[in-house]
Amino acid sequence: MLSILKKLTGHSPAPAAVPVQAVTPVEPPAVEKVDPYMLGLHDAMLSGWFNQATGELFSGFPVTAEDTLLDVGCGDGGNVHFCGMRGAKIIIADIDAGKVEATRQRLGDTPARDVECHVTDCNPLPIADATATRVVSTEVIEHVDDPAQFLSELVRVGKPGALYLLSVPHPSSEDLQKDLAAPEYFQKPNHIRIISEEQFKGMVSDAGLEVLSHSQYGFYWSMWMLLFWEAKVDFSNADHPLLNHWADTWKAILESPRGAQIKQALDAVVAKSQVIIARKP
């Protein structure tokens, strides 16, 4: 053993030097950066959004060319663009004139059979009773002063049998943000209330609608928002190692053999949104 140690510690003759040829360093292959917003869209589609095969905007909410679809709080127009591509008549309403105009332009390349636009605070909606066969309002109720009045207007303009797609932030995600979000996140005109699952179902039922399904999704976005507050970057240029690494991690999770199962388990624990599909009797 002692002789082995001596050899290892340099007490044996050193080997002759061997000339080493110069090696040109090889550049590692470029890694494509994950777009966190496109990843979020992919994650939403895995949760039931934008199903091209079935024509469902969300699971249980099909849209056809025969439908008249109203989107209240249309935002950037992503929902109604999908519905316009189905050939439906589209009615959009939002308090922000800029968003209404941008959405109108976005619908220009769709086969929507008609597009009607309203800039309104929805109190009341400038739309006749029993107009729409499909009513969409996503991530809006948490902003409004009087949810009961807002929902009564949505119910008024729906035809008997109309389907409703409604969503609000899930309390699990909102509670997660409480101590980290910028103060204005929970101030008017942003989120002025946190709505529990039971409250949400109660609001919809009290408005006179029949709740058909109640689901939740969006662990990816819940964690992204948590890291966003820590990163202190702007939404328009949310480029930060924390956010980039999280997007890389979530992509790897989704691509793993049990990625769908992991996503489902985490969505059930901390969800960004809760979604109700309802019907007007």
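Here are some notes:
- For first residues located in region 197-212 and closer than 16 Å to Ser152 by Cβ and among the hydroxyl-bearing types (Ser, Thr, Tyr), partners that are modelled with pLDDT of 95 or more and surrounded by 14 or more Cβ atoms within 10 Å (Cβ to Cβ) and lie 6+ apart or on another chain with Cβ distances below 8 Å form the pairs Ser205/Val211.
- Considering region 197-241, and only residues there that are acidic (Asp, Glu) and farther than 17 Å from Ala271 by Cα, the residue that is surrounded by the fewest Cβ atoms within 10 Å (Cβ to Cβ) turns out to be Asp234.
- Selected residue (criterion: farthest from the chain's Cα centre (by Cα)) from residues of region 41-91 that are aliphatic (A, V, I, L, M) and open to solvent by 10 Å² or more (accessible area, probe 1.4 Å): Ala65
- Top-ranked residue in region 235-281 [being part of a loop (DSSP other than H, G, I, E, B) and under 18 Å from the mean Cα position of the chain (by Cα); ranked as farthest from Glu210 (Cα to Cα)]: Ala238
- Any hit, region 109-126, residues being under 17 Å from Ala278 (Cβ atoms) and among the β-branched types (Val, Ile, Thr): no
- Comparison of Lys33, Lys7 shows that the only residue that is of a type outside the set (S, T, N, Q), out of contact with any Ser or Thr (no Cβ under 7 Å at 6 or more places or on another chain), at pLDDT below 50 and open to solvent by 100 Å² or more (accessible area, probe 1.4 Å) is Lys7.
The values are calculated or read from the model by the stated rules, or taken from the named source; none is laboratory data. The model shown is predicted, which means the values in this text are computed figures rather than measured ones. Positions of Cβ are backbone-derived with ideal geometry, glycine not excepted, and every protein chain shown enters the neighbour counts. Protein only, heavy atoms only, side chains kept; ligands, DNA and RNA dropped before computing areas. Shrake-Rupley method; radii C 1.70, N 1.55, O 1.52, S 1.80 Å.
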